Amino acid sequence: MIVIFLFLFLLHSQCGLSDDRLIGGIFYKDAEDMQVALKISAKMYNYTTSIKEVSKRGEILEISKLVCELAKEGVVGIIDGLGGRASEHIQAVSDMLELPHVIIPHNDLYAQNWSVLNMYPSPIAYNSALKNIIEYKEWKNFTLLYVRGNSLLKMTDLMSMGNSTDKHTVIVRELSGDDYRDVLINAKQNGCVNFVVDCPSRNLEQLLSHAQQVALMAEEHSYIILSPDLFTLDLERYRYGGVNMTGFRMAKTSNNEILWNLTAQFNEDTGSSFEPDDINTNILLIHDAIVVFNAAMDKVNVTPSELDCDNYESWTYGSTLLNFMKTNKIEGLTRTLLFDGFGQRVDVTMDLLELTPSGNQTIGTWKGNNLLIERPITPGTEIGEESILKNKSLIVLISKTAPYGFEKQSSTELEDNDRYEGFTIDLIDMLSNILGFSYKFRVESNYGSLDTGEWDGMVRELMDEKADLAICDLTITAERQSAIDFSQPFMTLGIGILYKEPSKQPPEMFSFMAVFSKEVWYNMMLIQLGLGCIMIFIGRISQKEWQNPVPCIEQPEELSNQFSFANSVWLIIGSVMQQGSEIAPIALAPRMITSVWWFFTMVMVASYVGTLVAFLTVEKNVLPFETLDELYRHKSISYGAKVKGSTIDFFKNSTTDFHVEMYKKMKSRGWLVKNNDVGVALAENSTYAFFMESTSIEYYKERHCDLMQVGDLLDSKSYGIGMKKHSPYKRYIDDALLRLKEKGEIQKLKDVWWKEKRGGGKCGVKNNEEEKQLGMKNMLGAFVVLGVGCLIGLFLSTLDMLWGVFKRSVKYGTTFKYELIEELKFALTFSGNVKPVKRNLKDGSSEALAEAERKDEIRSLKSIRSGRSTDTHRTHHSHGSRHSSRSLSVAFAKRREYS
């Protein structure tokens, strides 16, 4: 039986069963999107949900009742989607029960003594960010607009800027009712042009529409919108009016797989067609609330309890779990989730976005109480015929670095701009067509560095206004940005490692063992031993498995059983090896288990053979290193980068010790190269790893088939068009680049120069020949079928045993309990494979013995007269002395019937 329990435990663990973790949610009835978001997010992290709906706002008694219902169900916390005064009542009950209470909407009733967690950025964060933005914009007067019912907590610092000691004029106006136009018209008549707007997302679209209707959406007007849902709205009709509209976004939308999965599932469940950029912030915060719960519960073991509000019970683990939720620092869809001691998000990260004629544009970041502006904040105007670049003639710096710039191969002599071609040559030509300027190229191989305390190369020429633009693989770095300005990035990349592909290695000697994972092999061995023990037990309690060892003797005193440990294991091993064995089960239960085992072995053997061929024939690439750290520690591989540029600066200025050590080693040993072509040649023809930017690696891999990129990118950066500081051309070039990106023109241009021209596409797609092991998740079904079959076999053999016990109790006139105990005693002793037929009667009377024998003889005679052959499973006895001990044993043996 111990083996059975071990098997069930193993099956339980493999199926991934876990304790049910229940999270409660309270939402208004019309907040269907938030309810769907909670269900999806909880499912992503293996939680179940209990959602309660509040029929309408202001139902305080209903809210308290719903909190008590959730506590009664044993939730580990409550996610509150109501906000406002309703959250105050939820918190009052949660405090009594000591249940974690997580608020999703902005909490106007901010109090530091509440034991809550507020997922929305705190008023402290908003005040600091707004003050910095207004100071950067240099607003001397502005108007605060807020919807009635909202507090001014997020704008208290702005209000203080209007006191007598400051040189700012601050006007506060409340928007009430369903029509905001009267308030807006009054603001317009008083000459207000700068607005800071704090209103819920549900009121924002109406406010913007009314502002446009009263002509407050012109080029001279500027808005800062506090709602992080501004750019989830359709702002198409406001893009071309010239209004400067600035807002916040909490989520990182680019390269965010979790956000994409959440959006796809949300669309599937609601029938919507949202893009990740369009998802409401409350939905993201609900997901992050589940993330906070999950991270805390991974660190502290809690036991849910059913709490009764009437008894004023409290949850033992509530305060502990809440403390872990407050102190954890984790990453969610809305960036870093970090709370202060009062459960408020103070240290938040938000993107600063601006509405331009080309769409939404990120202009900066608010992070760690610091405002980082990527470009000057200026009104986004439409690119048109009156562009400042119209009819200008510019000096443009380029470099002859493949594939960004080449000298054309021609049989005739070319002059001026006609001499060059490449990716950036075509890109600047597109920009000139949009903006209406002409240009002249000048080649400069040095991009610019600060080695001697003075800038040189392209950066110096831009600073001295000897050139207007620099367009090549010029990396945007903080150091360069201190000297010059950059356009919006036209390409994003990182530093990678270029190395030659290793030669194919033959399979290892014991590669046939790699078909299955270690976990599968261990479980196979355990299953075979466990099944052998099960077969012994089933064989001992199955009546038909006890056979007459000498068929010529019709009246045996003992019966034998073929299921010894050796025979059972041999039957199992023979099945695995597809060889069979001389052991043949007789009873139904052993046959059932054996059949299921045969099915199991068929699946396992077929899976093994199907995958074995690949493991024995595929030759795998064996890399000498896979990470930067392994390369650093490798003794026989040299490495280097281009002698000047952002790649070598990455190592030189790194705060990581071994990066700096690598830089010193590259410089002292002469491993740095003059340009990319030299580095690629070294990587191709020697044991040399070349650090270069990922876009260049993509280019060379298309033309040198024996080269590959090793490992992940070491950093992330972008290429931009360089120009002098505070250049008047920047805003127009930015908008033109955004237009080209939206149309996909830049990607098309990249495909042409990377994969088509100048030998592109030579190598094609490389197939990954490495085969994957079969793990437990692949083979779990076969194990489940085996387990279920064994359980059915155990059940049938138990019924067989109980039926035999019942027949003997009737036959001998004993109790069922007595016969069952005797049978189990013999079966569980495992004392051998021979079972005695005779035993002492319970009453011990010779008269009872004689009577039983007489009945047996009569049945035997009837059987002979009817012409039936003697069954080897039935015992017959001759008449002998019925009063000696020998005759008593023989007589008792006659009574036992195994059929």
Inset, instruction - Filter segment 461-485 for residues that are assigned to a loop (DSSP other than H, G, I, E, B) and either among the small types (G, A, S) or within 24 Å of I697 (Cβ to Cβ) (or both) and give the result. - result: A467, I471, C472, D473, L474, I476, T477, S482, A483
Inset, instruction - Just one of (1) within 40 Å of the chain's Cα centre (by Cα); (2) surrounded by fewer than 19 Cβ atoms within 10 Å (Cβ to Cβ) trips up M155, so point out which. - result: (2)
Inset, instruction - Could you check A470 against (1) in contact with a Leu (Cβ under 7 Å, 6 or more places away or on another chain); (2) surrounded by fewer than 22 Cβ atoms within 10 Å (Cβ to Cβ) and say which number it fails? - result: (2)
Inset, instruction - Mind counting the residues in segment 453-473 that are more than 16 Å from K730 (Cα to Cα), touching a strand residue (DSSP E or B) at 6+ places or on another chain (Cβ under 6 Å) and either hydrophobic (A, V, I, L, M, F, W, C) or without any contact (Cβ under 8 Å) to a residue 12 or more places away in the chain (or both)? - result: 2
Inset, instruction - Determine whether segment 183-196 contains at least one residue that is surrounded by 14 or more Cβ atoms within 10 Å (Cβ to Cβ), out of contact with any Ser or Thr (no Cβ under 6 Å at 6 or more places or on another chain) and basic (K, R). - result: yes
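Report yes if some residue within segment 8-22 is in a helix (DSSP H, G or I), aromatic (F, W, Y) and either modelled with pLDDT of 90 or more or farther than 18 Å from D269 by Cβ (or both); otherwise report no.
Yes, segment 8-22 has at least one match.
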Inset, instruction - Hey, could you check segment 206-235 for residues that are charged (D, E, K, R) and within 21 Å of I279 (Cβ to Cβ) and say which is modelled with the highest pLDDT? - result: D229
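May I ask you to say which residue of A251, A296 is buried (at least 18 other Cβ atoms within 10 Å of the Cβ), small (G, A, S) and without any contact (Cβ under 8 Å) to a residue 40 or more places away in the chain?
The unique qualifying residue is A296.
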Legend entry - Lone qualifier among K644, K667 - being part of a helix (DSSP H, G or I), of a type in the set (D, E, K, R) and closer than 30 Å to E461 by Cβ: K667
Inset, instruction - Among the numbered conditions (1) at pLDDT 65 or above; (2) in a helix (DSSP H, G or I); (3) among the hydrophobic types (A, V, I, L, M, F, W, C), tell me where C763 comes up short. - result: (2)
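For every residue, the table says whether it meets (1) at negative phi; (2) within 36 Å of the chain's Cα centre (by Cα); (3) among the aliphatic types (A, V, I, L, M).
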{"site": "Y699", "(1), (2), (3)": "yes, yes, no"}
{"site": "E702", "(1), (2), (3)": "yes, yes, no"}
{"site": "M723", "(1), (2), (3)": "yes, no, yes"}
{"site": "L738", "(1), (2), (3)": "yes, yes, yes"}
{"site": "K741", "(1), (2), (3)": "yes, yes, no"}
Inset, instruction - Scan segment 174-185 and report the pairs whose first residue is over 17 Å from P200 (Cβ atoms) and in contact (Cβ under 8 Å) with a residue 24 or more places away in the chain and whose second residue is surrounded by 14 or more Cβ atoms within 10 Å (Cβ to Cβ) and of a type in the set (A, V, I, L, M), with Cβ atoms within less than 7 Å and a gap of 6+ or a chain change. - result: R181/V214; L184/A211; L184/V214; L184/L216; I185/V214
Inset, instruction - Looking only at segment 292-350, count how many residues are more than 30 Å from A129 (Cβ to Cβ) and assigned to a helix (DSSP H, G or I). - result: 10
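Conditions (1) small (G, A, S); (2) surrounded by 13 or more Cβ atoms within 10 Å (Cβ to Cβ), marked per residue:
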| site | (1), (2) |
| --- | --- |
| G711 | yes, yes |
| Y719 | no, yes |
| K724 | no, yes |
| K743 | no, no |
| I746 | no, yes |
| L749 | no, yes |
Legend entry - Selection status of Y238, out of contact with any helix residue (DSSP H, G or I) (no Cβ under 6 Å at 6 or more places or on another chain), closer than 23 Å to L70 by Cβ and either of a type outside the set (A, V, I, L, M, F, W, C) or modelled with pLDDT of 90 or more (or both): no
Legend entry - Selection count, segment 422-452, where residues are without any contact (Cβ under 8 Å) to a residue 40 or more places away in the chain and aliphatic (A, V, I, L, M): 2
Inset, instruction - Only residues that are touching a strand residue (DSSP E or B) at 6+ places or on another chain (Cβ under 8 Å), farther than 22 Å from N127 by Cα and surrounded by 16 or more Cβ atoms within 10 Å (Cβ to Cβ): list them for segment 327-354, please. - result: N328
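The values are calculated or read from the model by the stated rules, or taken from the named source; none is laboratory data. In this text, all values refer to a predicted model and were calculated from it rather than measured experimentally. All Cβ positions, even for glycine, are placed from backbone atoms using ideal geometry, and neighbour counts span all protein chains on display.
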